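Student: Pasting a structure below so you can have a look.
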Protein chains: 2
Amino acid sequence: MADDFALPADPASAWAAAPATPLVSEQMRALVTQIFEPTATATHPRSEDRHSGLAQQAQIDAPPPASALCSAAHAAFAAALGPEHVRTDASTRAAHANGMSYLDLLRHRLPAARALPDAVLEPADEGQIAALLAVAAEHAVAVVPFGGGTSVVGGVTPAKGELRAVVALDLARLDRLVELDEVSRTATLQAGLTGPAADALLAAHGFTLGHVPQSFERATIGGYAATRSAGQLSTGWGRFDALVERLRAVTPAGTLVLGRAPGTAAGPDLKQLLLGSEGAFGVITEVTVRVRPLPQARRHEGWRVESFAAGAALLRRLAQDGPRPDLARLSDETETAMGFATGGEQGGEGCLLLVGWEGGEADVNGRALATAALLQAAGAHPLGEPAAASWRSGRFRAPRMRDELIDLGVAVETLETAASWRDLERVHAAVGEALRDALGEQMRPVVACHVSHLYAAGASLYFSVIARRDPADPVGQWQRAKHAATDAMAAAGATITHHHAVGADHAPWLAAEVGEEGVALLRAVKAQLDPAGIMNPGKLLA
Amino acid sequence: MADDFALPADPASAWAAAPATPLVSEQMRALVTQIFEPTATATHPRSEDRHSGLAQQAQIDAPPPASALCSAAHAAFAAALGPEHVRTDASTRAAHANGMSYLDLLRHRLPAARALPDAVLEPADEGQIAALLAVAAEHAVAVVPFGGGTSVVGGVTPAKGELRAVVALDLARLDRLVELDEVSRTATLQAGLTGPAADALLAAHGFTLGHVPQSFERATIGGYAATRSAGQLSTGWGRFDALVERLRAVTPAGTLVLGRAPGTAAGPDLKQLLLGSEGAFGVITEVTVRVRPLPQARRHEGWRVESFAAGAALLRRLAQDGPRPDLARLSDETETAMGFATGGEQGGEGCLLLVGWEGGEADVNGRALATAALLQAAGAHPLGEPAAASWRSGRFRAPRMRDELIDLGVAVETLETAASWRDLERVHAAVGEALRDALGEQMRPVVACHVSHLYAAGASLYFSVIARRDPADPVGQWQRAKHAATDAMAAAGATITHHHAVGADHAPWLAAEVGEEGVALLRAVKAQLDPAGIMNPGKLLA
């Protein structure tokens, strides 16, 4: 496939509203141009131009493929939801085409390469969801549950598999705080709430969910649950799946209501089958999650440690013996030098370590002081709050920066895994090597990495990759690199994904994660809950 | 059924070796006699006599029912395991009959009422387990995985369902520490290790599992995992299911190897289908669990609080805002007055609260001091370490004391649940009332309770029940009380079991816990993993 991706992105599919000024700093832009000398740059419109220009606009406005939804199915959906909530206009369909991976961003630049759902359904409640699933099963229509559309693993790609048509099930109307139990500190939130919307509802009562993934601005509660999201405070506050006390899910086989107590021995934990189910079994409609009082205090600090290995050993000590930070992030030498963690504004020798605490005043101060003593004794050098502030101010920017970097002619993507402390450095090296080998020296690949999301037994590794984009075959170039990286994770005993989920992109590796027996078990679960196979075909299970 | 249970227990089925002196103190014995004036006491042999006496011995030595295992199946098992590991002698079979519930203890007194497995199989490894499951499927033989035999919910009752015979699969030969990863602080332990054996292996390397359920002396690693055990330090150290990083299970459909990283988003967490599966899907053969360095310091303290409600509010505060104790236990007014928590040696007004910390010196002291300040400010009265020491010295005694109490002519059993903090007192009241109502005033029921196992969102409630035993129908008497209590839990929104598991006894309430849709899903999982239905029939799924 030739590099038509020099074209600008479709604004209907962009991460968020286009920024008034470029997100990629001049310093970063110069660095990228210097390192990669991208071959296609000259032909690329600058990102500033991307919402103007007749040629681009014409492509974006090109008529989408006709809806494959038959009139009987359309009428049945309309009867179930009201006709105004069965949307087939081009812009609504385009806004529900694909997610936000690098390959998705490339596809957004070439509308013809993009799959659109045949319709977008907007149910108001569980009853309407059950009704539309029945219609879909009757008419052989695939259903793709859709929250913020921020999947980076092809999780919301409107694939119809063997079926006749495909619809996106947009959960935006399920946007209520159903219940707040201030005594037990749990909140029941509907699936369509975005992170900021949920936190605004909770803040009115003095609470916060405080779940802050990089996709925070757009991702939804349902998406967090369906993909086992992890957030920037997950080291201290817990992964999203670990916060879920109860959930409700509407499946073609009925509604599951799971979780009655904070601890139970009443058999297998079926909640854990729906968490991470990625819409392949049904639609998570609401979750009851643990919430916290709004923090009185927040402190985020930067430190410089001499090496990735030394930093990882310190993080392990904090995770195992405490005091456990809420935020922990260790950039490797490459990420530190490139200034990726801080928007290109820092850099230097060694490795940047960020630690942070949020909560009660005394608790935050106590943990911060004890941690500082520990780090200083280990030879770490304090950088104070500015280094962390720089990360903090740019922490939601990276996904959106990719559009501008693509404009510069590079391939840019992230991927992630997790491993035990013992295996962490080996996995770090193996994945980096696999990516560099697959991309090839001539593409000047830069692979940077940070540790985040600490556990007692291990941690996650988050890789950022930038390379010259191969103008002859940009899609194949990245697919080969991704394939090599995922193979390396599987071979090293690490997980194929720590928080991006399986989607379509990782589905071929699911057997490497859970064995053929595990995949067969998941297929049996799907057959029970979704006998007609209408739920998000091709995701989770290839 | 008449009260033949005045007979002594079969020593082959007793909790542990019979104690040289009675476990029930004279004070407790007098109290029990005074309160319940048991009608059958006079005819009971004293517990001191229970291993002598010709009449009893004759009953115990009565020939067991003939083994229903056909010679072809026997030969095939012998070929798979070696003939010496297919045991059909009476005492081995008797030692694998039933668990340790009150009704089991009654059955142990009447060997004719007791179901025995047709054989006891002793595999050495996963290969032999896979082979014996294949033989069992071919010959329609039910397989009951058996660890310590401490189930109090009928989890190891040798029921054959619709099949031709039933064997107990004793895991005692799977007794190795397979691997200790000192960096990641995880240990891979085989299923047949008892808690003390596992801790002895770990202690040699400076580590501990520190999982201490009341069944600690006999229960096994496999049992902990298969029943989602909780231990006395679970408030701080986590339930057993929460400690499991990886597990292996041999099922009739193959071997599952699950868990590759401390955090993952690679789809549903299939580990959570095996945890709590109670042998109904397959045999958990090993688990990789988080372990801790042997604690440098341990401090357990007693406090007196004015009421159950006041104590629960304090525990909630510790669980939600810290410092979190490792051990927490709040006796209600009845349990405090009866001295149940301390072997009858204490008592008095208000409620007894035990809190404890284990770990590094500074950590233990810091948490203990902060907790003391918090409790004292709230008006709690310090009782110091002796009250806790009294609990500690007797903490494994209660299950064994039941035999002596049964000798005294009473009905005695425990049951448990968990609920959110908001619902906790309502559930406490509702279950107590249900038990007292079902037993009836004339049986002078005493229902005592303690809170333990704190979570951010709620806690467990553990009830002890003593009443006059109905000599005309002791089994029916308890079944009605248990039924009423479980109905009350389900109606109040609490879980049907916090750590005793489902077994046969709670199976009728599983739909109350997970819905009919949840039960159907579990049946689909069972059909996938155990298509011939040989695995522990009647347990988990009725």
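All of the numbers you see were taken from the coordinates with simple rules; none came from a lab. None of these values were measured; they are calculated from a predicted model. Cβ sites come from the backbone with ideal geometry, for glycine too, and all protein chains shown count toward neighbours.
Student: For the stretch A:287-340, with the dipole built from +1 on Lys and Arg beta-carbon atoms and -1 on Asp and Glu ones, taken about the Cα centre, which of A:ALA297, A:ALA319, A:LEU330 lies farthest toward the positive end?
Tutor: The residue sitting farthest along the positive end of the dipole is A:ALA297.
Student: Charges only on Cβ, +1 for Lys and Arg, -1 for Asp and Glu: so what's the dipole of the stretch A:177-293 about the Cα centre, in debye to the nearest 20?
Tutor: That gives the stretch A:177-293 a dipole magnitude of about 160 debye.
Student: Per DSSP H run of n ≥ 4, the term is -39500 (n - 2.57); total these for chain B, divide by its residue number, and report the mean residue ellipticity at 222 nm rounded to 500 deg cm²/dmol.
Tutor: Mean residue ellipticity, 222 nm, calculated: -10500 deg cm²/dmol.
Student: Projecting each Cα onto the charge dipole of the protein assembly as shown (Lys/Arg +1, Asp/Glu -1 at the beta carbon, about the Cα centre), which of A:GLN442, B:THR255, B:HIS453 comes out farthest on the positive side?
Tutor: Going by the Cα projections, it comes out as B:HIS453.
Student: What does the average come to when, for each residue of peptide A:286-296, you count the partner chain Cβ atoms lying within 10 Å of its Cβ?
Tutor: 1
Student: Of the DSSP beta bridges with both residues in the protein assembly as shown, give the percent that are antiparallel, rounding to the nearest 5.
Tutor: 85
Student: Kindly state, to the nearest 0.05, the FRET efficiency for B:VAL178 paired with A:GLU349, given R0 = 35 Å and r defined as their beta-carbon distance.
Tutor: That gives a FRET efficiency of 0.25.
Student: Which residues does a label at A:SER71 reach in the stretch A:87-127, if reach means a backbone N under 17 Å from a point 7 Å past the Cα toward the Cβ?
Tutor: So the set is A:88.
Student: Moving to a separate point now. Select the chain B residue whose beta carbon lies nearest to the rotation axis carrying chain B onto chain A, and write the distance in whole Å.
Tutor: Spelled out as residue then distance in Å, it is B:GLN272, 2.
Student: Now for a separate question. Quick check on the exposure proxy: order A:VAL465, B:VAL502 from fewest to most C-beta atoms within 10 angstrom.
Tutor: Going from sparsest to densest Cβ surroundings: A:VAL465, B:VAL502.
Student: List the lysines whose Cα sits under 23 Å from the Cα of A:LYS160, skipping any in the same chain fewer than 8 residues away.
Tutor: Once the sequence-local lysines are set aside, what remains near A:LYS160 is A:LYS526, A:LYS539.
Student: Oh, and also: Would the stretch A:269-348 count as rounded, prolate or oblate if I go by the C-alpha gyration tensor, calling it rounded below 1.5 in a/c and otherwise prolate when a/b exceeds b/c, oblate otherwise?
Tutor: Because a/c hits 1.5 or more and a/b exceeds b/c, the stretch A:269-348 counts as prolate.
Student: List the relative contact order of the stretch B:297-393 as a percent without decimals, with contacts defined as Cα pairs under 8 Å and 6+ residues apart.
Tutor: After rounding, I find 44 percent.
Student: If each residue's Cβ is checked for other Cβ atoms within 10 Å, how do B:ARG114, B:ARG218 rank with the fewest at the top?
Tutor: With the fewest neighbours first, B:ARG114, B:ARG218 line up as B:ARG218, B:ARG114.
Student: Set the Förster distance to 41 Å, then compute FRET efficiency between B:ALA372 and A:GLN376 from the Cβ-Cβ distance, nearest 0.05.
Tutor: Efficiency at R0 = 41 Å is approximately 0.85.
Student: Which whole number gives the average count of other chain Cβ atoms within 10 Å of the Cβ atoms across peptide A:419-431?
Tutor: 3
Student: Counting alpha carbon pairs within less than 8 Å and at least 6 residues apart, what relative contact order, in whole percent, applies to chain A?
Tutor: The normalised contact order for chain A reaches 17 percent.
Student: Contour minus end-to-end for A:ALA542 and A:SER393, with contour as 0.36 nm per residue of separation and end-to-end as the Cα-Cα distance?
Tutor: Using 0.36 nm per residue and subtracting the Cα-Cα distance, I get 49.8 nm.
Student: While we're here: Taking the Cα centre as origin and putting +1 on Lys and Arg beta-carbons and -1 on Asp and Glu beta-carbons, what dipole magnitude results for chain A, to the nearest 20 debye?
Tutor: Magnitude of the dipole: close to 500 debye.
Student: For A:ALA78, go 7 angstrom from Cα along the Cα-to-Cβ vector, then report the distances to that same point in the other copies in nm, smallest first.
Tutor: Distances between equivalent label points, in nm: 7.6.
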